[in-house]
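The values are calculated or read from the model by the stated rules, or taken from the named source; none is laboratory data. Since we're looking at a predicted model, the values are computed, not measured. Counting neighbours? That spans all protein chains shown, and the Cβs are built from the backbone with ideal geometry, glycine included. Surface areas here come from the heavy atoms of the whole protein model, side chains and all, with no ligands, DNA or RNA. Shrake-Rupley method; radii C 1.70, N 1.55, O 1.52, S 1.80 Å.
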Amino acid sequence: VEFLRHIGFDPDAVQFSYTERPPADMAVVHANLEILKDVLSPASPRRAQVMDLIRGTVKHVYGKVVIYLEEAKDVVAMESEENSVGLGTSGARERASTRGWLESLLEDIKYLEE
């Protein structure tokens, strides 16, 4: 964000709840759009800086995804082990709920590994 702020981008031009409350100054929003168009243009002299920013962000995010995948797989393995050994003493409703989030977790793992 500092790179963009340095070249005039205003990260506060659009509020988080922009669907409920429109931006206060559309001119600032349009100025932000022009800045983004400029820095994302293949012909932009700032293209190298933008690509470095993107690569750094991707590296950071993928690092977090790898940790999440490892932990998610551990949870699945522990849950599977508990069910196969018969350690689960929960009732039918709790088992159904657990099965639901476990299936969701497995879908997340599959998606992230693709």
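This table checks each residue for (1) charged (D, E, K, R); (2) surrounded by 12 or more Cβ atoms within 10 Å (Cβ to Cβ); (3) modelled with pLDDT of 90 or more.
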{"residue": "His6", "(1), (2), (3)": "no, no, yes"}
{"residue": "Val14", "(1), (2), (3)": "no, yes, yes"}
{"residue": "Arg47", "(1), (2), (3)": "yes, yes, no"}
{"residue": "Val61", "(1), (2), (3)": "no, no, yes"}
{"residue": "Lys73", "(1), (2), (3)": "yes, yes, no"}
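Scanning region 16-26 for residues that are polar (S, T, N, Q) and open to solvent by 70 Å² or more (accessible area, probe 1.4 Å) yields a total of 1. Across region 31-45, the qualifying residues are those that are open to solvent by less than 70 Å² (accessible area, probe 1.4 Å) and in a helix (DSSP H, G or I), and the one among them that is nearest to Asp12 (Cα to Cα) is Asn32. Restricting attention to region 12-36, the residues being touching a residue at least 12 places away in the same chain (Cβ under 8 Å) and either of a type in the set (Gly, Ala, Ser) or closer than 24 Å to Val50 by Cβ (or both) number 8.
Looking across region 16-30 at every residue that is hydrophobic (A, V, I, L, M, F, W, C) and assigned to a loop (DSSP other than H, G, I, E, B), the one that is modelled with the highest pLDDT is identified as Ala24.
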